[in-house]
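To keep things clear, I will list the structure first and then write my remarks on it.
Since every read-out is calculated from the coordinates, none of them should be taken as a lab result. None of the values given here were measured: they were computed from a predicted structure. Backbone-built Cβ (ideal geometry, glycine too); neighbour counts: all protein chains shown.
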Amino acid sequence: MRVIALFAAKLLSGLFLISVQAQEMKLSSPGKNLELAVNRSDEGRITYSVTAGGRAVLLPSSLGITRKDADFSGSLQWQGTSQTERIRESYVLANGKRKNITYTANRKTVRLKNSTGEEMHIIFQLSDDGLAFRYFFPGAGTGSDKKYITAEHTGFRFYEGTRAWLQPKTEAQSGWEHTNPSYEAHYKMDIPAGTSSPGANGWVYPALFHYAGTWVLLTEAGLGRTYCGTSLAQFAPGNEYRVQFPQEPERFTNGALYPESVLPWYTPWRIIVVGDLKTIAESTLGTDLALPAVTMESSFIKPGRASWSWIMSKDDYIIFSEQKKYIDYAAGMGWEYCLVDAAWDKKIGYDSIQILADYAATKKVGLILWYNSAGGWNTVKYTPKDLLLTHEGRMKEFGRIHKMGIKGVKVDFFAGDGQSMINYYQDILEDAAANQLLVNFHGATLPRGLQRTYPNLMTTEAVYGYEMITFNQKDADLAAPHMVMSAFVRNAFDPMDFTPVNLYKIPRINRRTSPAFELATSVIFLSGIQHFVEGPEGMATVEPEVKKFMQQVPVTWDETIFLDGYPGKSYVVARRSGTKWFVAGINGDSTDLALQLDFPFVKEAQKGQLFTMDIGLLKAKEYTAALRKGHNHFLLKPNDGFVLVFEE
């Protein structure tokens with residue numbers, strides 16, 4: 001009897017241990033440097049935490065979804081976990097920090113049921129540079145059996161003492177002509193984690209955090225057509241940032257604001273990059289988790305550089321003669337494109353645009369035309385307007401300008417992040433591709449890897465860009481640290497149409513950055529089409545070697561190596577295009593910056609061309625590389641920079 005009792009006790013003990021163990025899932029990254037733990041509480045709530053090198057990076061953070069028809073935020077039953085699966089995917093990205101990319105991660109899925117027996121899975125993928133996860137609702141449905149998500153409970157909880165670098169999301173329908181939110185604001189730098197956003201619309205992605213030597217960058221990707229864009233909530237009690245849905249006006253006409261879909265339904269990936277600043281700067285998780293490229297004719301997809309009159313001469317010079325001058329300027333610089341901005345249809349007209357397009361073609365320059373996204377969400381008067389709101393309208397207009405020889409469109413003033421607005425971006429991209437047109441979105445949301453899914457998406461603004469520097473002195477005064485932040489965070493994964501490089505002067509503005517700083521941003525900033533600020537008059541003032549550099553600087557890169565930097569203070573990077581390495585550095589701080597850099601990609605004593613300031617002038621000189629650790633010395637004054645070019 002005693003033996004039977006002991007056996008029963010051991011059996012019950014074993015069952016209890018199995019039950020306890022079944023409430024936790026652990027996963028390691030391929031290199032074992034990151035560890036994920038997922039747990040179920042006694043109340044049926046699911047949390048996750050991330051450890052790097054044995055130290056917790058994210059404390060237990062919330063998971064869960066509330067649908068209109070079902071709740072998956074609590075009282076969840078643990079149904080089991082899948083076996084660990086190794087994921088390895090390769091893809092080509094012509095518009096990013098490197099061309100050929102391989103993503104490797106370990107995947108594991110937790111299966112859950114709510115109190116009414118409905119299923120929700122959470123899919124986790126852990127790579128050596130971070131964690132990605134998304135929710136999945138199995139099942140099958142039709143258009144009449146749509147499900148609606150009313151809240152997402154995903155959280156990111158940080159240690160007390162964590163510092164943050166965040167950009168506020170502007171309030172919907174605020175700003176000039178009701179054009180916000182457009183992801184255009186200065187960053188709040190090095191603030192305590194948990195600090196409230198200035199407005200109810202919260203904080204935009206990517207969002208950067210630092211604690212005890214470890215950096216974390218948050219973003220999202222893979223929205224598809226069944227989700228809205230999200231942000232981080234205004235308040236973060238207990239240092240836990242929660243995912244937040246967009247505000248009411250952030251929708252296309254009367255379309256969906258919050259997520260809605262039939263089953264089966266995958267939500268977007270929540271992405272957490274973890275490591276040092278080199279890991280953050282070199283990670284490609286924002287495109288690794290994006291949806292693969294759709295099938296499209298690709299012969300017309302050609303990244304390049306563009307001249308652009310508006311940034312210096314503004315509205316009054318969107319006229320035939322000025323645009324012809326800028327076509328000649330682009331041709332003389334060997335640049336591929338010229339952008340004709342707002343109100344071209346009124347000030348130049350379709351017939352004269354045809355003449356300009358034909359003329360540009362003889363110079364091997366393609367024209368890009370501006371459009372107002374239109375709709376009731378903005379009161380901007382600039383035209384062309386109301387031409388892109390329907391598939392029929394887009395096909396008619398895009399077909400017309402394609403026949404004219406136009407190469408791309410710049411579409412401006414969108415309304416935000418509602419699901420229907422996210423679909424509007426994709427509708428434009430698909431119809432543009434059908435008419436072999438490249439796309440640049442302005443007054444827009446963060447692309448979130450959309451350039452991988454639609455390779456004709458060349459660039460997106462979603463940044464407080466150079467135009468603001470040309471408008472007022474206050475923004476010019478803040479330009480250097482803001483550009484460093486934009487390189488680290490906004491440009492981390494997605495192309496950014498900051499429109500860089502002014503080498504001479506800005507009308508009515510005292511530019512604070514040196515010409516060498518400006519030149520460096522042509523390499524540091526990533527954009528499928530790089531629209532340069534400098535016009536023909538300013539370019540005529542620079543040294544011949546500087547002009548030659550601007551004629552040859554690439555916009556597509558085969559490889560990227562982060563060398564040095566700190567958010568808001570400095571940024572130094574090396575990028576390879578073919579056989580050439582370009583090293584660029586900027587100092588956005590108010591004090592001198594002494595750099596000791598390593599160049600493992602060159603040979604000992606290899607000669608390079610260094611662009612730097614010399615007695616107030618931007619000049620080129622010869623530079624000899626050293627391979628001994630830390631033996632490449634540079635001293636940058638505040639708001640200064642350099643570019644160094646090596647060729648094998």
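Side notes on the structure shown:
- Protection-proxy order for peptides 599-608, 298-307, 488-497, each taking the mean of Cβ atoms within 10 Å per residue, highest first: 488-497, 298-307, 599-608
- Beta bridges from DSSP with both residues in the chain: antiparallel share about 85 percent, rounded to the nearest 5.
- Pairs of alpha carbons in segment 456-573 whose separation is greater than 16 Å (percent): 60 percent
- Net lengthening on full extension, Phe235/Ser49 (0.36 nm per residue, minus Cα-Cα): 64.9 nm
- Annotation for Glu622 and Phe136: the two label points, set 7 Å from Cα along the Cα-Cβ direction, are 6.1 nm apart.
- Modelled this way, with points 7 Å down the Cα-to-C-beta line, the labels at Asp315 and Thr195 are 3.6 nm from one another.
- Tensor-based shape of segment 23-287 (alpha-carbon gyration tensor, a/c under 1.5 rounded, otherwise prolate or oblate): rounded
- FRET E, pair Ile355, Glu297, Förster distance 35 Å, beta-carbon r, rounded to 0.05: 0.80
- Zone residues, segment 223-239, relative to Asn254, backbone N less than 20 Å from point 7 Å out along Cα-to-Cβ: none
- For segment 23-287, with +1 on Lys and Arg beta carbons and -1 on Asp and Glu, the positive-most of Tyr103, Tyr205, Ile123 along the dipole: Tyr103
- Debye, to nearest 20: dipole size of the chain, +1 on Lys, Arg Cβ, -1 on Asp, Glu Cβ: 1080 debye
- Global geometry of segment 126-176, whether rounded, prolate or oblate, following the gyration tensor of its Cα atoms and the 1.5 cut on a/c: oblate
- Normalised by the number of residues in the chain, the mean separation of alpha-carbon contacts (under 8 Å, six or more apart) gives a relative contact order of 12 percent.
- Cross-link reach is defined here as a Cα-Cα straight distance under 12 Å, omitting same-chain residues fewer than 8 places apart; for Lys603 the aspartates and glutamates meeting it are Glu647, Glu648.
- Model label points for His631 and Ala151, set 7 angstrom from Cα along the Cα-to-Cβ axis, are 6.2 nm apart.
- Kyte-Doolittle at least -0.5, axis length at least 24 Å by Cα - qualifying DSSP helices, the chain: 2-21
- Segment 585-648 and segment 302-317: distance between their alpha carbon centers, rounded to Å: 30 Å
- Computed from the Cβ-Cβ distance with R0 of 25 Å, the FRET efficiency linking Asp276 to Glu24 stands at 0.30.
- FRET efficiency, 1/(1 + (r/R0)^6) with R0 25 Å, evaluated for Lys99 and Lys607 via beta carbons: 0.45
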